Each structure stands twice: as structure tokens, then as C-alpha cells.
Amino acid sequence: MNKDDLRRLRAVEDHSRSFKNLNYVYPVIARRSGGLSLGVNLNTNRACTFDCVYCEVDRSAPLPPAAQKAKVDIPLLKEELGWLLGQVRSGELGKEERFAAAAEVAREVRDISFSGDGEPTLCPDFLEAVRAVGEVLGDFGLLESCKVVLITNASRLHLPEVYGALDELMQFPLGEIWAKLDAGTPEYYRQINRSGVSFEQILSNLDFISRRFAVYIQSMFLKLNGQMLSQEELAAYCDRLRTLLNSGGRLLGVQAYTLARPACAPGLGSLKLSALSQAELEGLAAHIQSATGLNVECYA
Ligand code: SF4
């Protein structure tokens with residue numbers, strides 16, 4: 001991606017997960033995708049196993065109508081995804097006001113990502129949704145050129161119904177898993193991710209899944225009350241990655257993020273979150289790269 005492309009991506013600030021009257025699918029220009037990503041939101045009820053301090057999902061807002069249904073309406077999901085792909089193909093999406101700064105970028109779908117208002121693998125219809133996405137991409141002749149990505153907090157990857165669905169997703173020509181790891185110690189994990197799932201379980205799941213499939217690690221780095229994570233925490237985080245690699249895990253790299261938008265999480269009290277500067281994030285990335293040998297991409 002050249003500098004002009006990057007500038008255009010940065011100009012599109014609207015990351016809303018609502019578009020027109022769609023229930024399950026939304027278009028977004030995402031730097032991590034390098035262009036247009038179509039998100040599939042299986043968590044219209046905003047359910048998640050984590051309660052990250054940096055979460056952007058506003059759980060105090062009224063739930064959308066789709067959240068009232070016990071199951072994901074798979075035919076409707078397929079219809080919405082097909083319609084949106086048609087809008088991309090015809091160039092209509094690029095004419096939307098929110099994509100005005102990136103009309104050309106909005107003409108090509110880089111990925112379909114299971115990434116919504118919660119943890120996608122919590123959805124009991126995850127497998128059906130994976131199959132539905134595969135069918136629609138097949139209908140459009142896009143299976144060979146469009147990634148299908150699961151963005152996950154890794155809390156449920158050990159469950160047969162989840163890794164069974166991933167067996168199918170990873171059979172797509174361009175299936176990918178992006179799994180979260182924000183911490184190196186249980187203490188920091190509890191502070192950042194505030195989950196009832198133990199840190200040991202997360203590490204065990206990452207070990208399990210990365211031996212089954214090659215995965216990317218996604219990590220959020222931010223400042224708490226003006227402080228970056230400590231040197232000890234960073235060293236522990238790098239140790240976790242090395243342990244995964246040494247036990248046969250296939251890690252394709254690390255995607256290092258910092259805050260891009262205000263967090264909506266409740267219960268922060270006096271805790272103030274702030275973003276790392278580009279230079280700070282790049283410094284962290286260089287350290288992780290040299291400590292682990294993994295390629296680290298920065299998304300500031
Ligand atoms: S895992 Fe994602 S959706 Fe869940 S609380 Fe964290 S940031 Fe929010």
C-alpha cells in the first residue's frame with residue numbers, strides 16, 4: 001500500500017457497524033485489511049467473554065431488532081452479504097458519503113471478517129454462518145481472492161463446536177484466524193481484558209489452535225493513566241509468544257494496535273486510557289520482533 005492509499009484509509013473514520021438497514025453485515029475501510037472489509041456481526045446481542053477496558057462497543061445503547069431473535073437468520077445473512085457484494089461490484093458502495101474519501105478502495109473487498117459487537121465464537125450458529133459466507137463468496141466467484149477472517153479473543157477455541165467450524169473456515173483458500181493476546185501476565189490480563197476466562201485457558205487455547213492452524217496474534221497496546229506497559233510485562237508477553245513458537249505453534253506474525261477511537265467500556269473509574277504514539281508503537285514492535293523473530297505490523 002502506498003502513502004496515498006494510507007492517507008485515503010485514514011480519511012475514512014466511520015467504523016460504525018450499522019449500514020442501511022442491514023442486520024448482520026457492514027462495510028468498513030480497515031487499515032488491518034488494507035482496504036474494504038465486510039464485517040459479519042454474529043453478536044447483535046453484544047455478548048462477549050471479555051470486558052476489555054478499550055472496547056468500543058457501546059453496551060448501554062438499545063439492542064437492534066436482530067438481537068431479539070434466538071438464532072442468527074442465516075438466509076437473511078446470505079441475502080445481506082450478497083446485496084453488499086453487489087453494491088461493491090457495481091461501484092454503488094463507493095458513492096456512499098462515508099466512503100467519499102476512498103471510493104476506489106471501496107470497489108474491492110479485501111476480506112470478510114467475523115468481527116462484530118462481541119466474540120463471534122459465542123454464537124451457536126457460527127458454523128452455519130461460516131458455511132453461508134463460503135456459499136455467497138462462491139456464488140460471486142470470490143473464494144479464491146477474498147480472505148475470510150475470524151477475529152477472536154481466543155477464549156473458546158478449545159471447544160469442539162468452535163474448532164470444528166474453524167476446520168471448515170480454514171479450508172477456504174484464504175481462511176485466516178486473528179487471535180487476541182494483550183498481556184504476558186495474569187495480573188495485566190485481568191486489568192486489561194477483565195474476563196472470567198482464566199489467562200491459563202487463553203494461553204492453552206492459543207497453543208492448541210496455533211498447532212492446528214497458522215494464526216496471527218492481535219495485540220492492543222495502550223497507556224493506562226499515561227503509563228505504557230512495564231518492561232517486565234513486555235518481557236513476559238514476548239516469553240508467551242516464544243513459548244507458543246517453541247511448542248510447535250505456527251504464528252504468522254503480530255498485529256500491534258493502539259487506541260484509534262474512544263473506548264465505551266463502563267467501570268473505568270479513574271483509569272484513563274490513551275494511545276501510544278506511532279513512534280512508541282513502532283518501538284514496541286521492534287522490541288517484540290527482535291525478542292521473538294516474528295514479523296510485527298503496526299496499526300497506530
Ligand atoms: S474481546 Fe472485543 S468485543 Fe469483547 S470486550 Fe474485548 S474488545 Fe470488546
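Exactly one residue out of Leu268, Leu206, Leu259 is surrounded by fewer than 20 Cβ atoms within 10 Å (Cβ to Cβ), under 18 Å from Phe50 (Cβ atoms) and within 17 Å of the chain's Cα centre (by Cα): that is Leu259. Close contacts from the range 86-98, counting a first residue that is on the phi < 0 side of the Ramachandran plot and a second that is aliphatic (A, V, I, L, M), with Cβ to Cβ under 6 Å and a gap of 6+ residues or different chains, come to Gln87/Leu93; Val88/Val109; Leu93/Ala106; Gly94/Ala103; Gly94/Ala106. Screening Ser115 with (1) within 16 Å of the ligand (Cβ to nearest atom); (2) open to solvent by 20 Å² or more (accessible area, probe 1.4 Å); (3) among the small types (Gly, Ala, Ser) gives one miss only, at (2). Only a single item in (1) over 21 Å from Ile151 (Cβ atoms); (2) more than 16 Å from the ligand (Cβ to nearest atom); (3) open to solvent by 10 Å² or more (accessible area, probe 1.4 Å); (4) not basic (Lys, Arg) is not met by Glu108, and it is number (1). Within the range 81-88, the presence of a residue that is open to solvent by 10 Å² or more (accessible area, probe 1.4 Å) and either within 16 Å of the ligand (Cβ to nearest atom) or of a type in the set (Lys, Arg) (or both) is excluded.
Surrounded by fewer than 17 Cβ atoms within 10 Å (Cβ to Cβ) and either modelled with pLDDT of 95 or more or assigned to a helix (DSSP H, G or I) (or both) - does that describe any residue in the range 50-58? Within the range 50-58, one or more residues are surrounded by fewer than 17 Cβ atoms within 10 Å (Cβ to Cβ) and either modelled with pLDDT of 95 or more or assigned to a helix (DSSP H, G or I) (or both). Modelled with pLDDT of 95 or more and touching a Pro at 6+ places or on another chain (Cβ under 6 Å): is that true of Phe208 in this structure? Spelling it out, it is not the case that Phe208 is modelled with pLDDT of 95 or more and touching a Pro at 6+ places or on another chain (Cβ under 6 Å).
Please work out which residue is nearest to the ligand (Cβ to nearest atom), limiting yourself to the range 47-58 and to residues that are in contact with an Asp or Glu (Cβ under 6 Å, 6 or more places away or on another chain) and within 20 Å of Leu259 (Cα to Cα).
Cys48
How many residues does the range 272-300 hold that are surrounded by 12 or more Cβ atoms within 10 Å (Cβ to Cβ) and not in a helix (DSSP H, G or I)?
Counting residues in the range 272-300 that are surrounded by 12 or more Cβ atoms within 10 Å (Cβ to Cβ) and not in a helix (DSSP H, G or I) gives 12.
On the given criteria, is Tyr163 within 16 Å of the ligand (Cβ to nearest atom) and modelled with pLDDT of 95 or more? When the stated conditions are applied, Tyr163 does not pass them. Among the numbered criteria (1) part of a strand (DSSP E or B); (2) touching a helix residue (DSSP H, G or I) at 6+ places or on another chain (Cβ under 7 Å), which one does Gln255 miss? Evaluating Gln255 over (1) part of a strand (DSSP E or B); (2) touching a helix residue (DSSP H, G or I) at 6+ places or on another chain (Cβ under 7 Å) leaves (2) as the failure. The residues of the range 59-80 that are away from the ligand (no atom under 16 Å from the Cβ) and either open to solvent by 30 Å² or more (accessible area, probe 1.4 Å) or touching a Lys or Arg at 6+ places or on another chain (Cβ under 8 Å) (or both), listed by number, are Pro62, Pro65, Gln68, Lys69, Ala70, Lys71, Asp73, Pro75, Leu76, Lys78, Glu79. Put simply, of Ser247, Ser219 the only residue that is open to solvent by less than 30 Å² (accessible area, probe 1.4 Å), among the hydroxyl-bearing types (Ser, Thr, Tyr), at pLDDT 95 or above and touching an Asp or Glu at 6+ places or on another chain (Cβ under 7 Å) is Ser219. For the range 206-224: of the residues being more than 25 Å from Leu284 (Cα to Cα) and not hydrophobic (A, V, I, L, M, F, W, C), which is nearest to the ligand (Cβ to nearest atom)? Filtering first and then ranking leaves Arg212. Restricting the range 17-46 to residues that are within 12 Å of the ligand (Cβ to nearest atom) and among the charged types (D, E, K, R) leaves a set whose member that is farthest from Asn225 (Cα to Cα) is Arg17. Residue check: is Leu181 at pLDDT 95 or above and open to solvent by 30 Å² or more (accessible area, probe 1.4 Å)? So Leu181 does not fit the description; no.
The values are calculated or read from the model by the stated rules, or taken from the named source; none is laboratory data. As the structure is a prediction and not an experimental result, all values here were calculated from the model. Every residue, glycine among them, receives a Cβ derived from its backbone with ideal geometry; neighbour counts consider all protein chains shown. To get the accessible areas, we keep the full protein, side chains included, count just its heavy atoms, and leave off ligands, DNA and RNA. Shrake-Rupley method; radii C 1.70, N 1.55, O 1.52, S 1.80 Å.
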